[in-house]
1. Which residue, of 54, 59, is on the phi > 0 side of the Ramachandran plot and more than 13 Å from the chain's Cα centre (by Cα)?
2. Name the residues in the range 74-89 that are of a type outside the set (A, V, I, L, M) and modelled with pLDDT under 95, would you?
3. Criterion first (among the hydroxyl-bearing types (Ser, Thr, Tyr) and free of Cβ contacts under 8 Å to residues at least 60 places away in the same chain) does residue 107 satisfy it?
4. Among (1) modelled with pLDDT under 95; (2) surrounded by 16 or more Cβ atoms within 10 Å (Cβ to Cβ); (3) part of a strand (DSSP E or B), which single condition is residue 105 missing?
5. Within the range 29-49, restricting attention to residues that are surrounded by 14 or more Cβ atoms within 10 Å (Cβ to Cβ) and among the charged types (D, E, K, R), which residue is nearest to residue 89 (Cα to Cα)?
6. Any chance the range 112-120 includes a residue that's part of a loop (DSSP other than H, G, I, E, B), closer than 20 Å to residue 23 by Cβ and free of Cβ contacts under 8 Å to residues at least 60 places away in the same chain?
7. Quickly run through the range 23-61 and pick out the residues that are among the charged types (D, E, K, R) and either under 17 Å from residue 101 (Cβ atoms) or part of a strand (DSSP E or B) (or both).
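The values are calculated or read from the model by the stated rules, or taken from the named source; none is laboratory data. Note that this is a predicted model, so its numbers are computed, not measured. Don't worry about glycine lacking a Cβ; one is built from the backbone with ideal geometry, like all the others, and counts go over all protein chains shown.
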Amino acid sequence: MMTNDNGSLLNQQRTSLSDLLAAHEETPWSEDVIVNDRNRVRVIYNQPGESVFDLINPDNDEFWIVLFGQISWRIGDEGVMNARPGDIVFVPAGTKYSIRTTGRDPSVRVSINAPDAPEPPKIESALINPNPERIPGDPRYPDAQA
């Protein structure tokens, strides 16, 4: 595991997703991996059914890259949009949105925004699947295929 002098994964030239997954036993979780004067990059892990509702970032655009799982977004007055691994989701500043991990698998997404963007709200937990998909690199599932 690559860490800086104080043992943190923050602001490394390379951050291992496997190391991030191994560092967290409780879910949901989020961890900043890069914070500087221009950017904040955060990795977010949710179990199926975990959601955040009716959020608005009045000053900053927000976007996410889905790494694992299925996530639904309701953005503004639009209907529900489902995102899968490899999708990039964008929400303009001042637009209300909600996020929910759907399906039977946990989700991992990367949030990229301004360093002064507000902290995310507490995630509300809903139905949690007792048999989530095993995410490669997650030490809780050593038999997962990479």
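1. Numbers: 59 fails: on the phi > 0 side of the Ramachandran plot.
On inspection, the qualifying residue turns out to be 54.
2. Keep residues of the range 74-89 that are of a type outside the set (A, V, I, L, M), which gives 74, 76-79, 82, 84-87.
Once the filter is applied, which keeps residues that are of a type outside the set (A, V, I, L, M) and modelled with pLDDT under 95, the range 74-89 yields 74, 76, 77, 78, 79.
3. Working: among the hydroxyl-bearing types (Ser, Thr, Tyr): yes; free of Cβ contacts under 8 Å to residues at least 60 places away in the same chain: no.
Answer is no for this residue.
4. It fails just one condition, (3).
5. Among them, the one singled out is 42.
6. Of all residues in the range 112-120, those part of a loop (DSSP other than H, G, I, E, B) come to 114-120.
Keeping just the survivors that are closer than 20 Å to residue 23 by Cβ gives 119-120.
Filter once more, so that each one left must be free of Cβ contacts under 8 Å to residues at least 60 places away in the same chain: 119.
Yes, some residue in the range 112-120 is part of a loop (DSSP other than H, G, I, E, B), closer than 20 Å to residue 23 by Cβ and free of Cβ contacts under 8 Å to residues at least 60 places away in the same chain.
7. 26, 31, 32, 40, 42, 50, 54
Every residue, every condition in (1) of a type in the set (S, T, N, Q); (2) farther than 20 Å from residue 35 by Cα; (3) surrounded by 14 or more Cβ atoms within 10 Å (Cβ to Cβ); (4) modelled with pLDDT of 85 or more, yes or no:
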| site | (1), (2), (3), (4) |
| --- | --- |
| 51 | yes, yes, yes, yes |
| 54 | no, yes, no, no |
| 65 | no, no, yes, yes |
| 97 | no, yes, yes, yes |
| 131 | yes, yes, no, no |
